[in-house]
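First the structure, then my questions, so here it is.
Quick note: the coordinates plus some simple rules give every number you see, no bench work behind them. As the structure is a computational prediction, the values presented were derived from the model and not from experiment. Quick reminder, even Gly has a Cβ in these numbers, built from the backbone with ideal geometry, and neighbours come from all protein chains shown.
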Amino acid sequence: MSFPKNFLWGGAVAANQWEGGWNLGGRGPAMTDVTTGGTVNTPRLITYIDKDGKHGTLKRGQKLPEGARYAVLPEYHYPNHNAVDGYHHYKEDIALMAEMGFRQFRMSISWSRLYPTGNETEPNREGVEFYRSVFRELNDKGIEPLVTIWHFDTPLYLEEHEGGWSSRSIIDKYVRFARTCFTEYKGLVKRWLTFNEINNTIQFLGMMQGLTDQAYENAYQQLHYQFVASARAVQIGHEIDPENMIGCMICGITWYPATCDPKDILLNRHEWEKNIFYCGDVQCRGEYGSYAKRLWNEHHVKLDCTPEDLEDLKKGTVDMYTFSYYMSQLVTTHQVRDRVGGNFSSGARNEYLKYSDWGWATDADGLQYYLEMIYDRYHKPLMVVENGLGAYDKVEEDGSIHDPFRIDYYRVHIEAMKKAIENGVDLIGYTTWGCIDVVSAGTGEMRKRYGFIYVDMDDEGKGSMARSRKDSFYWYKKVIASNGEDLSDL
Ligand code: BGP
């Protein structure tokens, strides 16, 4: 057994991290446009002007003070404004992806490029045409687009004035946006994901301490509105083009118990329910899992959930399960001396694993475990739509970039996928994260690079934006050409 013949090899980016052009072509602002850069130790900040005209900053999850409004302030650098300028470089980038032999490219559509405030009744034509050109370019080069409709970028106007995902009214606005995507790009795009890493809203709470029940209620409520929005989008997507294949997208953390204390084993099972199955069950099975009531009761959550919502959830189940995979985490009921965090999750340090410079564990066995566990639960086709190693790259005098650590990382994860396929998993595609260097979502840095393609740009936004090939570029090309058989060094 090996990778299926039409396996969808490729790479992934998101609009706000790749595209730039934040105020071009009629695009409206999103939250990332008022978010500064950070580092591994210092958080990204959200900037605002208060009612007296004073400048201020917030951390993720904090509320805007009464009377304040989000603002771009001259004293800060906003890395997502230009990102790596995919807006102007997409032809060049796609040509490089075609050179590697990509069969699929995952990207997202910026909601505020199509609906600048989210409230317009007609889309911004310039935005619509921009993505049409990108999809045509991909199709011309034999690369199938895989499109994420929402990748962390709700129009800022909806966040600021209408409560974002806390308000039921946003469902209709998202559905209008999704309908536009399905209608405009019919025939050009056949694979869609409704929400990126939808489970982060809950999983992320595990990184914080002293949260109130209200914080949990807000998170579960926001998720419920996203589930309904997703389910309605799935139904519309199928109506518009029955060939559309639409997936959920879950932040796939493999949770392990830190000890064999039965209390840890049970806690671990409950972590899977809360962090992973809660969303997958609703989106794949069309209803909340039996444990959901317990989760809500733990925090006295009263959901705004109507009988029509439950009907929609039933009718709008996804066709495939897609997920990101970077790491596993350990949970325990015992005291944790060394806590580690990464990608919206945290746990105890695992002495059997190696950690990256950003503290993310490398665990390829965890990927096999996740694939086998999830396939057995849902029996739907799976895709790994993000996986990769954020690392420093050094450009040599002659311009070459040697990244054997990245090749090693991919090799073990591709081997893990192969083993899962041998064990019966229907895995249909793999898009590595940040196939071209992009702005980091977590830290806003450029120095945290994932790409096969290097972009000459630093954390302060200085650089020529020139693209160049790393060693891993040639390696991945060889992997794709051999359909995952040749994983040897260059
Ligand atoms: C996921 C996001 C991506 C991406 C990735 C890597 O959570 O879906 O947008 O950025 O993580 O994270 P980071 O950029 O923080 O290294």
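Just need a number here: residues in segment 261-298 that are in a loop (DSSP other than H, G, I, E, B), under 17 Å from Gln203 (Cα atoms) and touching a residue at least 40 places away in the same chain (Cβ under 8 Å).
We begin by selecting, within segment 261-298, every residue in a loop (DSSP other than H, G, I, E, B); these are 261, 286-291.
Next, only the ones that are under 17 Å from Gln203 (Cα atoms) stay: 288-289, 291.
Imposing the further condition that a residue be touching a residue at least 40 places away in the same chain (Cβ under 8 Å) reduces the set to none.
So the answer is 0.
Under the condition of being in contact (Cβ under 8 Å) with a residue 12 or more places away in the chain and of a type in the set (Val, Ile, Thr), which residue from segment 299-318 is farthest from Ser440 (Cα to Cα)?
At the first step, the residues of segment 299-318 found to be in contact (Cβ under 8 Å) with a residue 12 or more places away in the chain are 299-305, 309-310, 312-318.
Imposing the further condition that a residue be of a type in the set (Val, Ile, Thr) reduces the set to 301, 317-318.
Details: Val301: 33, Thr317: 31, Val318: 28 Å.
Top of the filtered list is Val301.
Sticking with this one: Taking the condition away from the ligand (no atom under 16 Å from the Cβ) and assigned to a helix (DSSP H, G or I), does Glu308 pass? Before you say what the answer is, go through the steps one by one.
On the way: away from the ligand (no atom under 16 Å from the Cβ): yes; assigned to a helix (DSSP H, G or I): yes.
Yes.
Also, I was wondering about something else. Name the one entry in Phe473, Phe405 that is within 16 Å of the ligand (Cβ to nearest atom), hydrophobic (A, V, I, L, M, F, W, C) and not in a loop (DSSP other than H, G, I, E, B).
On the way: Phe473 fails: within 16 Å of the ligand (Cβ to nearest atom).
Every option except Phe405 fails the conditions.
Quick check on Tyr288: is it surrounded by fewer than 18 Cβ atoms within 10 Å (Cβ to Cβ) and of a type in the set (Ser, Thr, Tyr)?
no
So which of Gly53, Gly61 is over 21 Å from the mean Cα position of the chain (by Cα), of a type in the set (Gly, Ala, Ser), more than 28 Å from Glu120 (Cβ to Cβ) and part of a loop (DSSP other than H, G, I, E, B)?
On the way: Gly61 fails: over 21 Å from the mean Cα position of the chain (by Cα).
After ruling out the rest, the residue left standing is Gly53.
Can you name every one of the strands (runs of 3 or more DSSP E) wholly within segment 319-400 that holds 2 or more residues which are more than 16 Å from the ligand (Cβ to nearest atom), touching a residue at least 24 places away in the same chain (Cβ under 8 Å) and over 26 Å from Val439 (Cα atoms)?
Working: elements: 320-331, 339-342, 345-348, 382-386.
The strands (runs of 3 or more DSSP E) meeting that bar are 320-331.
Pull up segment 150-161, narrow it to residues that are outside any strand (DSSP E or B) and within 16 Å of the ligand (Cβ to nearest atom), then point me to the one that is surrounded by the fewest Cβ atoms within 10 Å (Cβ to Cβ). I'd like the intermediate steps shown before the answer.
First, pick out the residues of segment 150-161 that are outside any strand (DSSP E or B): 151-154, 156-161.
Retained after the next criterion (residues that are within 16 Å of the ligand (Cβ to nearest atom)): 151-154.
Numbers: His151: 25, Phe152: 18, Asp153: 25, Thr154: 20.
Looking at the filtered set, the residue picked out is Phe152.
Can you pull out the residues in segment 98-122 that are under 28 Å from Met383 (Cβ atoms) and surrounded by fewer than 23 Cβ atoms within 10 Å (Cβ to Cβ)?
In the first step, residues of segment 98-122 are kept if they are under 28 Å from Met383 (Cβ atoms); the result is 98-115.
Ala98, Glu99, Gly101, Arg103 - these are the residues of segment 98-122 that are under 28 Å from Met383 (Cβ atoms) and surrounded by fewer than 23 Cβ atoms within 10 Å (Cβ to Cβ).
Next question, about the same structure. Taking segment 98-149 as the region of interest, how many residues are in a loop (DSSP other than H, G, I, E, B) and either in contact with a His (Cβ under 8 Å, 6 or more places away or on another chain) or more than 30 Å from Ala481 (Cβ to Cβ) (or both)?
Residues in segment 98-149 being in a loop (DSSP other than H, G, I, E, B) and either in contact with a His (Cβ under 8 Å, 6 or more places away or on another chain) or more than 30 Å from Ala481 (Cβ to Cβ) (or both): 12 in total.
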